[in-house]
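These notes are about the structure you will find just below.
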Amino acid sequence: MPYRSVVRLNRFPGGVQKAVTASYDDGAVHDRRLVSIFNKAGLKGTFHLNSGLLGRSDVLTEEEICSLFSGHEVAIHSMTHPHLTSLSPIQLSYEVMADRRNLESLVGYPVRGMSYPFGTKSAALSASLEAYGIEYARVVSESRSDYAMPGDWLDWHPTCHHKDRLCERFETFVASDPWVEMALFYVWGHSFEFHREDNWEIAEEFAKMARSHREELWFATNIEIKDYMEALRQVKISLDGTHILNPSAHTVWMEIDGEAATLAPGNLLNCRSLTARPFYQ
Ligand SMILES: [Zn+2]
């Protein structure tokens, strides 16, 4: 019987099979407190900002964006937070592109993510987002107990809003054996809601629970999840399962004959000897 290994591309970084991400919209000044709670727990989030509104009394300032969100992701939420469906194509293009450009000048990296203001999507916008360099966009309708990765990255449904029994849902996620091999828990909201409703204990409790389970979870921003899933998708496996090539820039995790394994960027793995070498000379 010829040697044949069973390779499954079913692991996040760290070899785990569950990931957690968060996304908070509008850039309210209360993001400062939320980021501090996340940082203490090692949680990572994506903050969707309206660059045309920065500096308003209830909104963060341009000067603090880069340092405040260091280790997190900054992404667009349109320039001025309009109902997208009421805009002309040129207004739509401005709302997306100007926000992207402004935020890039503040953070110093390509900004590739978005959440739809008011959750409003339009056919014209969805068709254009790829050309605008937007690689994913989050909606507001929730998936609750479906922990699957989005089938369409421009229609990315979060698991729940933080007001929707976040801690209870998160506990269920951690304890569950999901039907998907790579399960994602995705919470969204606005930091001003914690302030307005005086329920910061929800954020604190969630962060505490996440921290206590950190060995079993991968904490990542939205774009880190997208990029990692792309890297996994690029992995090449020989037909007999004996050689695996990672052409991406990410270390990828997988399962080979039931055991977790890693493969460094640009490396080729021989599954018989479990030795890897650089593939590109
Ligand atoms: Zn918003």
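The table below lists the values:
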| item | result |
| --- | --- |
| Positions within the stretch 216-274 being under 27 Å from Thr46 (Cβ atoms) and of a type in the set (Asp, Glu), in sequence order | Glu216, Glu224, Asp227, Glu230 |
| Failed criterion for Asp25 (all others in (1) surrounded by 14 or more Cβ atoms within 10 Å (Cβ to Cβ); (2) under 30 Å from Glu205 (Cα atoms); (3) away from the ligand (no atom under 16 Å from the Cβ) hold) | (3) |
| Residues that are touching a strand residue (DSSP E or B) at 6+ places or on another chain (Cβ under 9 Å), more than 19 Å from Glu193 (Cβ to Cβ) and within 16 Å of the ligand (Cβ to nearest atom), drawn from the stretch 41-60 | Ser51 |
| Considering residues of the stretch 71-82 that are of a type outside the set (A, V, I, L, M, F, W, C), within 16 Å of the ligand (Cβ to nearest atom) and without any contact (Cβ under 8 Å) to a residue 40 or more places away in the chain only, the residue nearest to Phe219 (Cα to Cα) | Ser78 |
| Within the stretch 72-82, tally of residues that are in contact with a Phe, Trp or Tyr (Cβ under 9 Å, 6 or more places away or on another chain) and either at pLDDT below 95 or part of a loop (DSSP other than H, G, I, E, B) (or both) | 6 |
| Close pairs (6 angstrom Cβ cut-off, 6 or more residues apart or separate chains): closer than 18 Å to Gly14 by Cα and at pLDDT below 95 in the stretch 255-281, surrounded by fewer than 17 Cβ atoms within 10 Å (Cβ to Cβ) and hydrophobic (A, V, I, L, M, F, W, C) anywhere | Asp257/Val6 |
| Given (1) under 19 Å from Lys226 (Cα atoms); (2) in contact with a Leu (Cβ under 7 Å, 6 or more places away or on another chain), index of the condition Ser115 fails | (2) |
| Enumeration of residues in the stretch 181-238 that are within 16 Å of the ligand (Cβ to nearest atom) and in contact (Cβ under 8 Å) with a residue 60 or more places away in the chain | Val187, Trp188, Gly189, His190, Ser191, Phe192, Phe194, His195, Asn222 |
| Filter result for Ser115 (touching a Lys or Arg at 6+ places or on another chain (Cβ under 9 Å) and either at pLDDT 95 or above or at positive phi (or both)) | yes |
| Test: residue in the stretch 61-70 that is within 14 Å of the ligand (Cβ to nearest atom), closer than 28 Å to Asp227 by Cα and touching a residue at least 40 places away in the same chain (Cβ under 8 Å) | no |
| Any chance Lys226 is of a type in the set (Lys, Arg), under 21 Å from the mean Cα position of the chain (by Cα) and crowded, with 18+ Cβ neighbours inside 10 Å | yes |
| Residue list for the stretch 225-261, restricted to those being among the acidic types (Asp, Glu) and part of a helix (DSSP H, G or I) | Asp227, Glu230 |
| Among residues of the stretch 123-139, those that are crowded, with 16+ Cβ neighbours inside 10 Å and either within 16 Å of the ligand (Cβ to nearest atom) or under 17 Å from the mean Cα position of the chain (by Cα) (or both), counted | 7 |
| Filter pass, Ile202 being crowded, with 18+ Cβ neighbours inside 10 Å and touching a His at 6+ places or on another chain (Cβ under 9 Å) | yes |
| Count - residues of the stretch 107-165 that are of a type in the set (Ser, Thr, Tyr) and closer than 22 Å to His190 by Cα | 9 |
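The values are calculated or read from the model by the stated rules, or taken from the named source; none is laboratory data. Quantities reported herein were computed from a predicted structural model and do not represent experimental measurements. Positions of Cβ are backbone-derived with ideal geometry, glycine not excepted, and every protein chain shown enters the neighbour counts.
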